[in-house]
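Report on one structure; see the data block that follows.
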Amino acid sequence: MKSKQQEAREVRLREMRRADMPRIMALEQELFPEDAWTAEMFAAEFAQSASRRLYLVAEEGDTLIGYAGMMFTGGPQADVVTLAVDPGRWGLGTGTALLTALVDEAARRGCTEVLLEVREDNPRARRLYLRQGFTEVGIRRGYYQPSGVDAVVMRKALA
Ligand SMILES: CC(C)(COP(=O)(O)OP(=O)(O)OC[C@H]1O[C@@H](n2cnc3c(N)ncnc32)[C@H](O)[C@@H]1OP(=O)(O)O)[C@@H](O)C(=O)NCCC(=O)NCCS
């Protein structure tokens, strides 16, 4: 029998499609109970030109186990706007793989920095970003509503 880690090697990344939305909405509700994106918010992102965004999913076989998105504003900055992995698959490197793919694409598109906001009460995500070379550069007080939780702003400079 394969271990969880061996199975994880079969994870593939590809671009998000509209057909992924039901599964993504279910994970969104589960993972972000206070700040879940609506289907309309994802639709608005899809409506952006491909030069302004990149949305990826991670699949294990036919099962979508994670997703991540990045926004490009046309300048030197790229923003990670979402990152999520099925709780049953945490700790296997999927979040890191998704984040790395986004950051690599930002570098490929000529960006010089990647920024993101993360909830102050989310140590797991903050550790992942620190490990990937992000540093904490600021706090946005009460950024997440209605909870009022602060956002930590993190930045990674690209070579
Ligand atoms: C944050 C999140 C995306 C991380 O996803 P993940 O797939 O578990 O991330 P990784 O596996 O790459 O890394 C997380 C942990 O697993 C460990 N890990 C990484 N690869 C591993 C492997 N092959 N085997 C065992 N452990 C591994 C890492 O060391 C890390 O450990 P730590 O938490 O003690 O620092 C996920 O927990 C999640 O979806 N959380 C809820 C939504 C969220 O908070 N999103 C971020 C919003 S800003």
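A short reminder: the numbers here are calculations on the coordinates, not readings from a lab. Quick caveat: nothing in here was measured; it's all calculated off a predicted structure. Using ideal geometry, Cβ is built from the backbone for each residue, glycine included, and neighbour counts are taken over all protein chains shown.
To make sure I understand, if each residue's beta carbon is the centre and we count other beta carbons within 10 Å, what order do LEU83, LEU64 fall in, fewest to most?
On the way: LEU83 23, LEU64 19.
The fewest-first ordering by Cβ neighbours comes to LEU64, LEU83.
Taking the convex hull of the Cα atoms, report for segment 96-159 its projected area averaged over all directions, in nm². Let's see the in-between values first.
Numbers: hull surface 17.8 nm².
The Cα convex hull of segment 96-159, projected and averaged over all directions, gives 4.4 nm².
Mind sorting ILE24, ILE65 by how few other Cβ atoms lie within 10 Å of their own Cβ, fewest first?
Working: ILE24 20, ILE65 23.
If I rank by nearby Cβ atoms, fewest first, I get ILE24, ILE65.
In debye, nearest 20, what is the charge dipole magnitude of segment 11-159 about its Cα centre with +1 on Lys and Arg Cβ and -1 on Asp and Glu Cβ, if you could check?
On the way: 19 positive and 21 negative charges, 93 e Å.
The calculation lands at about 440 debye.
Determine the gain in length on full extension of the stretch MET25-ILE139; use 0.36 nm per residue of separation and subtract their C-alpha separation, reporting nm with one decimal. Let's see the in-between values first.
On the way: separation 114, 0.36 × 114 = 41.04 nm, distance 2.81 nm.
That pair, MET25 and ILE139, stretches by 38.2 nm at full extension.
Ranking MET25, MET154, MET70, MET41 by Cβ neighbours within 10 Å, fewest first, what do you get? Can you show the working numbers first?
Working: MET25 15, MET154 22, MET70 26, MET41 12.
Starting with the residue having the fewest Cβ neighbours, the order is MET41, MET25, MET154, MET70.
Please state the charge dipole magnitude for segment 108-159, taken about the Cα centre, from unit charges on C-beta atoms (+1 on K and R, -1 on D and E), reported in debye and rounded to the nearest 20. If you can, show how the numbers build up before the last one.
Details: 11 positive and 6 negative charges, 55 e Å.
Computed about the Cα centre, the dipole is about 260 debye.
Using the Karplus curve 6.51 cos²θ - 1.76 cosθ + 1.60 with θ = phi - 60°, work out ³J(HN,Hα) for each residue of segment 65-71 in order, rounded to whole Hz, and write x for Gly and Pro.
Those phi angles translate into 10, x, 7, 7, x, 9, 10 Hz.
Mean residue ellipticity at 222 nm from the helices of the chain, using -39,500 (n - 2.57) per DSSP H segment of n ≥ 4 over the full residue count, to the nearest 500 deg cm²/dmol?
Numbers: 5 runs with 49 residues, N = 159.
Helix-only estimate at 222 nm: -9000 deg cm²/dmol.
Using 1/(1 + (r/R0)^6) with R0 = 30 angstrom and r between the beta carbons of ASP35 and THR112, what's the FRET efficiency to the nearest 0.05? Write down the numbers at each step before the final one.
Numbers: r = 28 Å, r/R0 = 0.95.
After rounding, the FRET efficiency stands at 0.60.
Is segment 9-159 best put as rounded, prolate or oblate by its Cα gyration tensor, with a ≥ b ≥ c the root eigenvalues, rounded for a/c under 1.5, and otherwise prolate when a/b is larger than b/c, oblate when not?
Working: a/c = 1.28, a/b = 1.11, b/c = 1.15.
Here segment 9-159 falls in the rounded category.
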